[in-house]
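Here is the structure we will look at, set down as structure tokens.
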Amino acid sequence: MDLLATVRVALRALARNKMRTTLTMLGIIIGVGAVICTVAIGEGASNQVQEQIRNLGDNIVFVSAGSVSSNGVRMGSAATKTLTLADAKAIQQQIPVVGKLSPGVGAQVQVVYGNQNWSTRVRGVSPDYLEIRRWPVLNGSGFSQREVDSAANVCLIGLTVVENLFGSEDPVGKTVRIQNLPFRIIGVLSSKGQSPFGQDEDDTVIMPFTTVQKKISGIDWLQFIMCSATSPEAIAPARQQIGALLRQRHRLRPDEDDDFIIRSPMDLANAQAQAGRIMTLLLASIASVSLLVGGIGIMNIMLVSVTERTREIGVRMAVGATEQDVQMQFLSEALVLSLIGGTAGVLVGIGASLAVTSALQWPTRVPPQAIAIAVLFSAGVGIFFGYYPARKAARLDPIEALRYE
Amino acid sequence: MPEELLESQRETEIPTRGPTPLIQVENLHKTYDLGEVQVHALRGVSLTVEAGEFVAIMGASGSGKSTFMNMIGCLDRPTRGHYFLEGQDVSTLSKRDLARIRNRKIGFVFQGFNLLSRTSAMENVELPLIYSGVHHEERIERAREALRTVGLEGREEHHPSQLSGGQQQRVAIARALVNRPSIILADEPTGNLDSRTSVEIMGIFQGLSRERNLTILLVTHEPDIARFAHRVVLFRDGKVRRDAPVEDPADAVETLRTMPAVEDDEEEA
């Protein structure tokens with residue numbers, strides 16, 4: 001008996017009891033649908049976190065100047081003057097797991113253009129900064145090392161600043177005043193949106209760190225060093241090595257606290273993503289329990305079907321069906337049942353995910369592997385739970401089966 | 001019954017007798033072990049049936065005739081003894097090989113028709129061909145031809161529930177014929193039919209025996225039905241008690257002519 005004929009016979013047998021077939025399939029449909037839907041929601045959430053991680057920058061390890069306490073009064077972070085350009089250069093040279101880095105200083109400033117003014121945060125950095133943050137320039141261009149060396153009065157501005165000072169005017173080439181000094185705008189940064197911590201990333205002015213040190217803040221130390229580890233796995237060793245190097249350079253005794261703080265926002269985001277994945281896995285496994293229940297439903301119906309069709313089995317054996325033929329017939333019925341149920345379940349799952357997205361504005365994504373796994377899994381359920389009834393049918397004695405009332 | 005017909009039947013039988021008989025049963029025993037008791041259903045049956053014979057098997061219930069038919073039909077294996085089908089000893093074959101023999105060499109006709117419900121006459125007849133791996137187009141063609149042979153042309157798409165008892169039994173005969181078997185085993189094929197329809201069915205068997213030289217083994221306990229066969233084998237207590245040719249076999253066509261045609265409209269119901 002060829003495959004096509006087997007499937008045809010199975011479909012015909014299932015079509016004879018439409019109501020029963022539909023109800024049996026419902027178990028598989030709900031199971032697969034629930035698995036697909038939970039995976040889609042989990043995947044959507046995880047995608048969102050991934051997007052945020054990408055937005056943060058390139059495997060960032062962020063070193064900021066620490067707090068000092070003098071006479072019991074603890075200053076806030078970035079209060080020490082011990083973090084220097086020499087530290088940045090030492091990190092660059094001595095720690096191979098750190099790729100690019102940018103020294104940095106920041107200040108809150110008032111930016112004036114014509115009769116408009118806006119208070120924002122200025123960040124003094126090196127040309128690598130934008131690359132580390134994966135932050136392209138929308139209009140104009142970034143500054144170069146030459147402008148860092150000469151502490152040039154040039155700046156890049158974020159879109160929020162553009163909006164508040166220039167409206168629809170093109171800011172590139174215009175001059176703004178910051179602390180009564182003229183600064184030429186050489187570029188506009190593309191939108192970065194909100195940071196994972198809710199700050200508006202586009203409300204910023206970026207210029208060479210030397211310019212900020214000398215002309216705005218009047219300091220010769222750094223407030224932060226933004227480093228980029230060579231890979232996500234290099235983040236932890238980079239943190240550890242930077243810490244050791246800085247303690248040594250700052251001549252801290254073992255019992256002294258660090259005078260710097262190292263953070264890697266990706267760790268946090270990764271932890272969040274990991275938690276999300278575990279949650280998805282948990283929900284999906286709960287959902288797959290219903291698939292198991294669906295499988296038991298198939299087994300139950302197949303057993304009833306074998307009993308009901310004992311005479312049919314007897315006739316088939318009398319006209320030449322072998323045990324294998326009968327077994328294949330019932331197994332393929334279970335398989336066809338579960339595969340159709342599985343396919344319908346995938347459609348229901350996709351439909352439910354779309355409904356969740358439109359009703360709750362949750363991002364969802366149905367990964368193609370999940371569809372493949374769901375269909376294969378339902379086929380597996382069909383074979384597993386169909387095997388015993390099929391075996392039972394195949395083992396029937398044709399004489400007994402023909403006599404069965 | 002006209003003498004010429006009998007003569008012609010004898011003449012056609014003789015040349016087909018080959019060196020080996022179609023069915024040769026030697027000292028066949030079947031014992032069912034029911035735990036506490038052992039039931040001896042067959043106690044040494046020996047029988048030879050030549051190709052083209054039309055044999056009626058008779059006997060009371062419990063005489064072993066059903067067990068014997070199950071053996072001949074390769075549905076069961078003997079406890080002891082040998083069964084040669086076309087010279088091949090089938091008493092030792094595996095279940096799989098027995099299924100193949102049932103498929104290729106034996107056609108079954110049952111008392112209760114045993115058609116698949118909610119399945120067209122055509123598909124019922126096709127069933128044996130599916131298991132011998134015959135191609136779809138050929139299946140349809142052969143099933144159609146078999147239905148034509150039993151006079152059911154035009155009823156191919158009818159389901160059993162839409163057919164009369166006699167028509168259902170004709171479908172069953174077509175199913176038995178479709179794979180061109182050597183033997184037709186009919187287990188009380190007229191048991192569920194009225195007397196006129198019974199004779200019609202016997203007419204079909206006689207036609208097959210005469211025109212196709214098919215070997216037919218028919219179980220019945222109605223002497224009237226056994227009269228249509230050419231030889232009667234009587235079973236009692238698991239043994240062959242009598243084995244004799246029918247002196248003057250009845251002819252179904254003739255018998256029908258003498259019967260009142262009251263139930264003629266029954267078929268259309």
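If I take every Cα pair under 8 Å that is 6 or more residues apart in chain B, average their sequence separation and divide by the length, what percent do I get for the relative contact order? Reported relative contact order: 25 percent. Of the beta bridges in the protein assembly as shown, as assigned by DSSP with both residues counted there, near 70 percent are antiparallel.
Rg then Dmax, both in Å and based on the Cα atoms of the stretch A:81-258: 17.2, 56. Projecting the Cα atoms of A:Thr204, A:Val9, B:Ile140 onto the dipole axis of the protein assembly as shown, where Lys and Arg carry +1 and Asp and Glu carry -1 at the beta carbon, places A:Thr204 farthest toward the positive end. The residue among B:Gly81, B:Thr119, B:Ile204 whose Cα reaches farthest toward the positive pole of the charge dipole of the stretch B:3-259, with charges on the beta-carbon of Lys, Arg, Asp and Glu, is B:Gly81. With both labels modelled 7 Å from their Cα along Cα-to-Cβ, the B:Tyr32 to B:Asp224 distance reads 3.0 nm. Charge tally around A:Gly386: other residues with Cβ under 13 Å, Lys/Arg +1 each, Asp/Glu -1 each, net +1. The equivalent ellipsoid of chain B has semi-axes of 28, 23, 19 Å, largest first, where each one is the square root of 5 times an eigenvalue of the Cα gyration tensor. Rg/Rh for the stretch B:156-231 (Cα atoms only, Rh after Kirkwood) is 0.95. Of the trypsin sites (Lys or Arg not before Pro) found in the stretch A:79-119, those in coil by DSSP whose Cβ has at most 15 other Cβ atoms within 10 Å are A:Lys81.
Relative to the longest principal axis of the Cα atoms of chain A, the long axis of helix A:265-308 lies at roughly 10 degrees. Counted over all Cα-Cα pairs of the stretch A:290-405, pairs farther apart than 23 Å make up 43 percent. Suppose R0 equals 25 Å; then what is the FRET efficiency for B:Asn192 and A:Glu323 from their Cβ-Cβ distance, rounded to the nearest 0.05? According to the calculation, E is roughly 0.25. Between the stretch B:86-129 and the stretch A:1-65, the C-alpha centres lie 44 angstrom from each other. Of all DSSP bridge pairs formed entirely within the stretch B:3-259, close to 55 percent run antiparallel.
What does the charge dipole of the protein assembly as shown about its Cα centre add up to, to the nearest 20 debye, if the Cβ of each Lys and Arg holds +1 and the Cβ of each Asp and Glu holds -1? Dipole magnitude for the protein assembly as shown comes out near 3320 debye.
Each Lys and Arg adds +1 at its Cβ and each Asp and Glu adds -1 at its Cβ; summed about the Cα centre, the stretch A:178-232 shows a dipole of about 260 debye. Sites listed here are chymotrypsin sites (Phe, Trp or Tyr not before Pro) in the stretch A:146-238 whose DSSP assignment is loop and whose Cβ has at most 12 other Cβ atoms within 10 Å: A:Phe197. Relative to the dominant Cα principal axis of chain A, helix A:3-16 is inclined by about 80°. Computed over the stretch B:63-138, the convex hull of the alpha-carbon atoms projects to a mean area of 6.6 nm².
Based solely on its DSSP helices, what 222 nm [θ] is calculated for the protein assembly as shown when runs of n ≥ 4 H residues each add -39,500 (n - 2.57) and the sum is averaged over all residues, nearest 500 deg cm²/dmol?
Theoretical 222 nm ellipticity from helices: -15500 deg cm²/dmol.
Net charge of the neighbourhood of A:Leu85, taken over other residues with C-beta under 15 Å away and scored Lys/Arg +1, Asp/Glu -1, is 0. Could you give the angle, 0 to 90 degrees to the nearest 10, between helix A:85-94's Cα long axis and the longest principal axis of the Cα atoms of chain A? The helix A:85-94 is inclined about 40 degrees to chain A. Each peptide among A:370-377, A:265-272 gets the average number of other Cβ atoms lying within 10 Å of its residues, and from highest to lowest they stand as A:370-377, A:265-272. Using r as the Cβ-Cβ distance of B:Lys95 and A:Asn47, and R0 as 51 Å, what FRET efficiency do you calculate, to the nearest 0.05? Approximately 0.35, to the nearest 0.05.
The reciprocal of the average 1/r between distinct C-alpha atoms defines the Kirkwood hydrodynamic radius, which for the stretch B:102-223 equals 14.1 Å.
Taking the centroid of alpha carbons for each part, the stretch A:172-212 and the stretch B:184-230 are 105 Å apart. Given +1 at the Cβ of Lys and Arg, -1 at the Cβ of Asp and Glu and no other charges, the dipole of chain B around its Cα centre is 1340 debye to the nearest 20.
With a simple spin-label model that places each label point 7 Å from the Cα along the Cα-to-Cβ direction, the separation between B:Asp237 and A:Asn180 comes to 13.8 nm. In summary, the convex hull built on the alpha carbon positions of the protein assembly as shown has an orientation-averaged projected area of 50.0 nm². Please list, by residue number, every one of the trypsin sites (Lys or Arg not before Pro) in the stretch A:251-315 that is coil in DSSP and has at most 15 other beta-carbon atoms within 10 Å. Hits after loop and neighbour filter: A:Arg251. If you plug the beta carbon distance of A:Arg12 and A:Phe384 into 1/(1 + (r/R0)^6) with R0 = 22 Å, you get a FRET efficiency near 0.40.
Given 0.36 nm per residue, what is the gain on full extension from A:Glu256 to A:Gln369 after removing their alpha carbon distance, in nm?
Full extension from A:Glu256 to A:Gln369 adds 35.5 nm.
Centre-to-centre separation between the Cα atoms of the stretch A:345-381 and those of the stretch A:316-341: 30 Å.
Values in this text are rule-based calculations from the coordinates and carry no lab data. Values in this document were obtained by computation on a predicted structure and should not be read as measured data. Virtual Cβ from ideal backbone geometry, glycine too; neighbours counted across all protein chains shown.
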